[in-house]
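Just so you know, all these numbers are worked out from the coordinates, no wet-lab data involved. Everything numeric here is computed off the predicted structure, so don't read it as measured data. With ideal geometry, Cβ positions are generated from the backbone for all residues, glycine too; neighbour counts draw on all protein chains shown.
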Amino acid sequence: MTGERRLGGGWAIILAGALLGIAAEVVYWFASQGEGAWVTWNGISAVVLAAMGVAAGAAIASSEEIKRWTTWESILTAVLGGVIGVLFWLWGLFWELLEFIKAGIPGYGYAVRDLFYGLWFLAAILVPYIVRRPGAALAAEMVGAIVSSLLGSQWGLTVLISGLAQGGLAEVVFALRGYKHYDLPTLIAASAGAALGSWIVDYTFWYNTLEMPIVGLMLIARFISAAILSGWLGKVLGDALAATGALDNTALGRARIQG
Amino acid sequence: MAWIDVRHLTVRYPRAPRPALQDVSFQVERGETLLLLGPSGSGKSTLGLCLAGLIPDSVPAAMQGEVLIAGQDIAALTVGQRTAQVGIVFQDPEAQFCMLTVEDEVAFGLENMALPRDEMELRIRESLGLVGLEERRRERVDRLSGGQKQRLALACALARRPSILFLDEPTANLDPAARFEFFQWLARLRGQQPDTTIIIVEHILDDLIAMVDRVMLLNHEGRLVLSGAPAQVFQANGEVLDEMGIWLPQVTALARKLRAAGLPLDRLPLTVDEAEEVFAGLVPAGPLPAEPPRRPAGSTAGGPPALEARRLSFRYRAGGPEVLRDLSLAVPQGAFMALVGPNGAGKTTLALHFVDILRPPAGHVFLLGEDITALTTADITARVGFVFQNPEHQFVERTVEAELAYSLRVRRRPEAEIAQITDALLASFGLTPYRKMNPFALSQGQKRRLSVATMLAVGQRILILDEPTFGQDRNTAHALMERLQTLHVAGVTILAITHDMQLVADYAGTAAVLVDGQVRFQGTPHALFADEELVAAAELRPPPLVELARRFGLRYGDGTAPLSIREWMGLLQGAPAAGGPAKRG
Amino acid sequence: MEGLLNYYAADSFLHRLNPTIKLAGLMALVVAVTMAFDPWTPLAFLTLGLFMLRVLARVPVRQFIRPLLLFLVLGALGFISANAFFYTPLPGRPVTILWQAGGVRIILEGIRVGISLTLRMLAIVIFSMVFVATTDPTDFVLSLIQQARFPFRLGYGILVAYRFMPMWRTELEIIRAAHRIRGAGERPTLRGRWEQLQRYAVPLLASAIRKSERVAIAMDSKAFGALPRRTYYRDVHVRPMDWAFLAGCVLAAAAIVWGMAQLGLLEGYGVVPEA
């Protein structure tokens, strides 16, 4: 029997991401050569390009994987992505306060706001923690982005690109762990990936005129925030939900019974 | 050849202590309408999922035995073929649909079958016509009422032209008027499509039993214990049915009790029509008492009303509709009051005012005589307990005992006292074996008991309940009502928002009817059901015995009719055994 | 995430376009406006956006802008203040310092860039509005499935999630009320909000999970995904005018950039105007 070795979901994602990232770098480098070139190559642009490429690769490979999910997994992923958005509404006035801080304290205000940014990645951690299939992080983020763009939010269409970058980079972390390990360090690393993705998109759209210290501070704030508000919180909520018995038919539920 | 042939079906869910269905075997002929009865957890839904071929693929479970439809073992069919044969209507109107508009939803099932568009168009029109929703084709599903949603679910199932319909408690979440309407459409459907085999799971049988050809009973172990025509099954198996808390149609239950008391009845009636014949010789000749037997309506002497609203108006947001309009209602201390009315009439809104969740302006809402705006939250929660419709919404702790202790801990009572009260509550509500469990992991009935118990922990003397028997089987509902009755007898004031006519008829001492934000009626359930126009406006259905009383012309002196089994027993047992019908004008 | 903007049903050129291709065109515009750092180019894009919204989509702008007003103002303040202090000037470009004290300085070019970013934000918001206002959610998801090769189970999941959204808000309100009755008050402090989040998340998410399970079973009972092929009742076509729109967007972006460059106003895109 000529067994055609199909690329496992995780490896496909890693490979596609790496290839796309490299391709993007090469193209950009060439475009930055010569007099009157339209673009400049530097360290930041290299990171941005690589990350966007990786995220896009993860997206393409994931979408193949997601086609294999069951109905239950798909509906659960989508609905959770949406519900988590409602939890944000709880903090409504608080977000407004943060907006005032952001506007009021020049530059550093952004970093303060970013200390609470991690909540946006909760879906990218909680859903994979429950469902444990390739593509879960990306799916959760993309659904959240699509639903929020349909409902209308202040970020408009850029939320679609953010969702892709956040979900894609979180997905890569889970892929690197083989989709088998969902312990706290993995969740935190995935949340860091999502934070990096969000930072890259926001940098490209809004913040690339600012000094490095400010922008760097924002990145660090996002890392910290992501670790607490999505990495750690994701695990806490996932475990609490599993204790209610509602998740017995999911991968998380099954893992708890054995573990 | 039987259309459905189930042989030794055993189904066990992963991690379940025992099988959901055990060694179930039966046959159903084509075109039969079969009623499936059983306590909750007896595997009725599981049976539907098996017939539709959803177990084990979509719903993981271990399945043994065979299911044959039209002579073919469904295990040999593909998922597509299996689901084409059985159309299911589920219980929850909120969680069966995935599309935004009515026609999209019906089309969904047809798209999955890869039908061409003109065929889809034809079937959409046809199936919506069968349930009376053609006018609403383009509407959004979330704008439909509960009853319309369930009819839509029926249309979706019908559009796929299955040979078998499985209706899993389709009216559990509907109000009485909607339930009646649903069964009327179902009856019409049966007439139009006599070849469709229908299996229906239900608890409230009065409006349904006329259509049923056969009844099957599953016990709590998932075994099939009874099967046969309704009259025979109910006739011969009283003890089994009682033990499992199966609620018979009201006229049937009455007839059984009369038989047990020694009165001669040639058969057990199932419907009001049949009862009219069977009871003809038993109706009393003498006059009825001037008034129906009264239930204690609470003592108003020497005490302010437990809850009172005076000329209360409310709208949720400026410019929005007025949900409560100059409403006045007083609930006397010690009363057991049922608050009824159509959806959206403002019942829950009013109740939320009584606990200060919605803040009324000063001078409109009073708790034990004091203006609620002058009280602190701690004062209010010490006097009134509010049990929400979904018990899960109120759980704040991780274990049952912590849940009970919560209100006490928040008030910083000494630990010894907390432990004592907690143990007492666990015992009196039958929750002691579950004390360490996560509240969310309890069964529906247990959750409900827990939510009621938590609301009494601080010794509250007033209890408000929002739809306490909603979506429950009769056994659990009855147990809860008995518990409330015990509390009532001990002096607790009870205000229950409900659609459950059994509750109103058998337990409530007073009923208040809310329509369009105003109190249209406050009085005894008897007076309520005597007013047909009011009953229609409140979207209620009176108990069947009221209709029977009307046919016999039985009236108390005040114009109301006997509506409970107890009253009828009293009346009929005192009557002469023979003689012609003694109808009263 | 309340619906700040919503689908505004009307029959216009933009309403009739294929959603995925419309999205692609608008995204091209969004990306194009991102690459300019002078105030004039985003202003031109903004004008184009308003034209699309008012004329091509026939959408009344005012009702859409109002809920966003606070955010837009704060956003603008943020950009301008941050760039005033922390702008990184391009190498070789003049830097005009308006005020300096210690290590802190206010840069004129920074303020200019801040204004540019504000206009960029407005342009992107307008383009987003154009999309949301002219696209029916069901059509959008179906188009993603049919044209963008989006996994179809997840696509229908999005419709379910979208359907459920209003329900969660109500349910959250009920949960909050229920907890208040238990005596679990809400403290407006940061710590309080953290506790609330944990307390409310579990019942809300548990309810969502259970409902999802029931919906999934209901969908499976209708043979969802059972056959290798499925047909669609609502067809979302791709017509020549969709491609025309996409081409139009790209051409418009190019025209604006080229025009601004000709006028000597453009900065960014690697173009540095003569000093």
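Structure values in brief
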{"read-out": "Between helix C:19-34 and chain C: long-axis angle, C-alpha atoms, 0 to 90°, nearest 10", "value": "30"}
{"read-out": "Rounded tilt (10° steps) of B:400-410 against the dominant C-alpha axis of chain B", "value": "30"}
{"read-out": "Extent along principal axes [Cα atoms of the stretch B:100-174; Å; largest to smallest]", "value": "35, 28, 18"}
{"read-out": "Sites A:Ile101 and C:Leu69 - FRET efficiency at Förster radius 22 Å, r taken between beta-carbons, to 0.05", "value": "0.75"}
{"read-out": "Computed [θ] at 222 nm, helices only, for the protein assembly as shown once each DSSP H run of length n ≥ 4 contributes -39500 (n - 2.57)", "value": "-16000 deg cm²/dmol"}
{"read-out": "Exposed trypsin sites (Lys or Arg not before Pro) absent - longest run of chain C, DSSP non-H/G/I/E/B, at most 14 other C-beta within 10 Å", "value": "C:1-148"}
{"read-out": "Inter-chain shielding of B:89-96 (mean C-beta neighbours from other protein chains, 10 Å cut-off)", "value": "5"}
{"read-out": "Calculated diffusion of the stretch B:195-285, Stokes-Einstein form, Kirkwood radius summed over Cα pairs, 4 °C and 1.567 mPa s, µm²/s", "value": "92"}
{"read-out": "Equivalent ellipsoid semi-axes - Cα gyration tensor, the stretch A:166-238, angstrom", "value": "25, 13, 8"}
{"read-out": "Lysine pairs with alpha-carbon atoms under 18 Å apart, the protein assembly as shown, spacing 8 or more or separate chains", "value": "6"}
{"read-out": "Selected from A:Trp206, A:Trp11, A:Trp120 as most flexible by GNM, with chain A as the system and alpha-carbon contacts under 10 Å", "value": "A:Trp206"}
{"read-out": "Estimated FRET transfer efficiency (B:Gln518, B:Ala378; beta-carbon r; R0 25 Å; 0.05)", "value": "0.20"}
{"read-out": "Simple spin-label estimate for B:Leu265 and C:Ala254 in nanometres, 7 Å along Cα-Cβ", "value": "8.8"}
{"read-out": "B:Glu29 paired with A:Asp239, simple spin-label distance in nm, labels 7 Å along Cα-to-beta-carbon", "value": "6.1"}
{"read-out": "Where only C-alpha atoms are counted, convex hull volume of the stretch B:4-228 per residue in Å³", "value": "118"}
{"read-out": "Centroid-to-centroid separation of the stretch B:350-393 and the stretch C:214-273 [C-alpha atoms, Å]", "value": "53"}
{"read-out": "Other-chain or far-sequence residues with amide H under 5 Å of B:Phe521's (modelled H)", "value": "B:Val513"}
{"read-out": "Taking A:Ser149, C:Ser12, B:Ser25, B:Ser45 and counting other C-beta atoms within 10 Å, the order from fewest to most", "value": "B:Ser25, C:Ser12, B:Ser45, A:Ser149"}
{"read-out": "Where only C-alpha atoms are counted, convex hull volume of chain B per residue in Å³", "value": "171"}
{"read-out": "Gaussian network model of chain C, springs between alpha carbon atoms under 10 Å - residue of C:Ala82, C:Ala44, C:Ala223 with greatest fluctuation", "value": "C:Ala223"}
{"read-out": "Fraction of the pair-distance distribution of the stretch B:456-540 above 18 Å, Cα-Cα pairs, percent", "value": "45"}
{"read-out": "Kirkwood hydrodynamic radius (C-alpha pairs) into Stokes-Einstein, the protein assembly as shown, 4 °C and 1.567 mPa s, D in µm²/s", "value": "40"}
{"read-out": "C-alpha long axis of helix B:415-428 to longest principal axis of chain B, angle in °", "value": "50"}
{"read-out": "Kyte-Doolittle at least -1.0, axis length at least 24 Å by Cα - qualifying DSSP helices, chain A", "value": "A:9-31, A:43-66, A:71-90, A:158-176, A:184-202"}
{"read-out": "Paired Rg and Dmax values of chain A, which use every Cα atom, in angstrom", "value": "18.7, 69"}
{"read-out": "Residues B:Met481, A:Met218 arranged by fewest to most Cβ contacts within 10 Å", "value": "B:Met481, A:Met218"}
{"read-out": "Debye-sum result for the stretch C:165-275 in log10 I(q)/I(0), which assumes one identical scatterer on each alpha carbon, at q = 0.19 Å⁻¹", "value": "-1.05"}
{"read-out": "Beta bridges by DSSP in chain B, antiparallel share as percent, to the nearest 5", "value": "50"}
{"read-out": "Global form of chain C, assessed from the alpha-carbon gyration tensor, a/c cut-off 1.5", "value": "oblate"}
{"read-out": "Theoretical FRET efficiency, 1/(1+(r/R0)^6), r = Cβ-Cβ of A:Leu184 and A:Glu211, R0 30 Å, to 0.05", "value": "0.30"}
{"read-out": "In nm, spacing of pseudo-spin labels at B:Arg18 and B:Val410 (7 Å Cα→C-beta vector)", "value": "3.9"}
{"read-out": "Descending semi-axes in Å of the stretch C:94-212, equivalent ellipsoid built from Cα gyration tensor", "value": "41, 31, 12"}
{"read-out": "Share antiparallel - DSSP beta bridges, the protein assembly as shown, percent rounded to 5", "value": "55"}
{"read-out": "Descending semi-axes in whole angstrom, ellipsoid equivalent of the stretch C:151-221, from the Cα gyration tensor", "value": "30, 12, 10"}
{"read-out": "Translational diffusion of the stretch B:298-367, µm² s⁻¹ [Kirkwood Rh, Cα pairs; Stokes-Einstein; 37 °C; 0.692 mPa s]", "value": "256"}
{"read-out": "Between the stretch B:443-501 and the stretch C:188-210, the Cα center-to-center distance that results, in Å", "value": "26"}
{"read-out": "Kirkwood Rh (inverse of mean 1/r, distinct Cα pairs), the stretch B:369-444, angstrom", "value": "13.8"}
